[in-house]
Amino acid sequence: MINFLKIVFSALLVFMCYKVITTSLESNLFDQWDFLGSIPWMRATLWDFYANIFIITLWMFYKEKSIILKISITILFVCLGSIATLAYVLVHLFKLKEGEGVKELLIKA
């Protein structure tokens, strides 16, 4: 199961990096912010994003010990979204010892 998760999360990380980079080269978010902000679905998507970030951040605060690390990772989650989330989970997946599973991934280190 852990190897499967490593593959899936790695593929998602590569895909999200690709999507963000290609979209950034094609379109400047800051130039289109006023237009995007006027679209109700865009506003709903942002609320959805930040609700998810809040949930993921609570889990990360449970797992991590250092307040500096907690603050730094929270900033990365907010600024990079799923790229930071995927990277965070992948780091913890690769830190698991032989025989550890999803339970150990989810509980404190």
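Structure above, values below:
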quantity	calculated
The stretch 1-18, residues that are out of contact with any helix residue (DSSP H, G or I) (no Cβ under 9 Å at 6 or more places or on another chain), of a type in the set (Phe, Trp, Tyr) and surrounded by 11 or more Cβ atoms within 10 Å (Cβ to Cβ)	PHE15
Filter result for the condition that a residue is in a helix (DSSP H, G or I) and in contact with a Lys or Arg (Cβ under 8 Å, 6 or more places away or on another chain), over PHE61, PHE35, PHE77, PHE49	PHE61
Any pair with Cβ under 7 angstrom, 6 or more apart, that starts in the stretch 1-27 at a residue that is polar (S, T, N, Q) and ends at one that is in a helix (DSSP H, G or I)	SER10/LEU90
Qualifying residue in the stretch 48-58 (condition: closer than 28 Å to GLY99 by Cβ and surrounded by 11 or more Cβ atoms within 10 Å (Cβ to Cβ))	yes
Residue in the stretch 19-36 that is within 15 Å of the chain's Cα centre (by Cα) and either surrounded by 12 or more Cβ atoms within 10 Å (Cβ to Cβ) or not hydrophobic (A, V, I, L, M, F, W, C) (or both) present	yes
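Laboratory data are not the source of any read-out in this text; all were calculated from the coordinates shown. Computed from a predicted structure; not experimentally measured. Neighbour counts are summed over all protein chains in view; Cβ atoms, including those assigned to glycine, are modelled from backbone coordinates with ideal geometry.
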